[in-house]
1. What residues from the range 110-154 fall in the zone where the backbone N is under 13 Å from a label point 7 Å along the Cα-to-C-beta line of Ala70?
2. Please compute, over every Cα-Cα pair in the range 1-84, the percentage with a separation greater than 18 angstrom.
3. Show me, for the range 109-121, the HN-Hα J-couplings you get by feeding each phi into the Karplus relation (A = 6.51, B = -1.76, C = 1.60, θ = phi - 60°), rounded to Hz, glycine and proline as x.
4. May I ask for the Rg/Rh ratio of the chain, computed from Cα atoms with Rh as the Kirkwood radius, given to two decimals?
5. What are the semi-axes of the equivalent ellipsoid of the range 80-160, taken as the square roots of 5 times the eigenvalues of the Cα gyration tensor, listed largest first and rounded to whole Å?
6. Please give the per residue volume of the convex hull enclosing the alpha carbon atoms of the range 36-112, rounded to a whole number of Å³.
7. Can you tell me how much longer the chain between Ser158 and His101 gets when fully stretched, taken as 0.36 nm per residue apart minus their C-alpha distance, in nm with one decimal?
8. When the Karplus curve 6.51 cos²θ - 1.76 cosθ + 1.60 is applied with θ = phi - 60°, which whole-Hz ³J(HN,Hα) does each residue of the range 51-68 get, with x for Gly and Pro?
Amino acid sequence: MYDFRPDAALGKPELYRQLTDAAAALTEGERDGIANMANVAALVWEYLPDLNWAGFYRTVGGELVLGPFAGRPACIRIPFGQGVCGAAAASATTQLVPDVHAFPGHIACDAASRSELVVPVVRDDAVIAVIDLDSPSPARFDAEDAAGVEALAAMLASRI
Ligand code: SME
């Protein structure tokens, strides 16, 4: 049994350090990327408060395809350049969106989403996936969340 629930009083940098350590432990030695993404999506969902969606889109055949996640069923295919996920994939840069309604082309998979953080996972100079976090609260994510998820993405790049 895995029990990685964090102390609710942790500051964000420490919370993300523990999250990345737990994800590293969960994926250590496992070669199946889908299994690793599935466990990490569940872990993120359990660790981080105030989310309504947490998961992965994978780059398959030049577009993003839905991967393991926690939350409501979501759109399956997203072209590079479209929506927040597509912007992260096309630019290979983190997208921190405090108000999804103000983001041109935002793809509304769950009407409850108000803010979003999407971080590319880069391996050998290619975006192989993105990590997508959605929240029902406006401006839920800040620079510390971005840095924390970027560290998680860097650790996962060789494991998914
Ligand atoms: N809102 C995302 C689409 C994915 S869902 O949020 C799960 C976007 O605009 O790319």
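1. 133-134
2. 50
3. 8, 10, 4, 6, 5, 10, 9, 8, 10, 10, 10, x, 9
4. Rg/Rh: 0.93.
5. 21, 14, 9
6. Enclosed volume per residue, from the Cα hull, is 98 Å³.
7. So the extension gain works out to 17.1 nm.
8. 3J(HN,Hα) across the range 51-68, in whole Hz: 10, 10, 7, 8, x, 10, 10, 9, 7, 9, x, x, 9, 8, 10, 3, x, x.
The values are calculated or read from the model by the stated rules, or taken from the named source; none is laboratory data. Just so it is clear, the model here is predicted, and its values are computed rather than measured. With ideal geometry, Cβ positions are generated from the backbone for all residues, glycine too; neighbour counts draw on all protein chains shown. Just the protein is used for accessible areas: all its heavy atoms, side chains included, with ligands, DNA and RNA removed. Shrake-Rupley method; radii C 1.70, N 1.55, O 1.52, S 1.80 Å.
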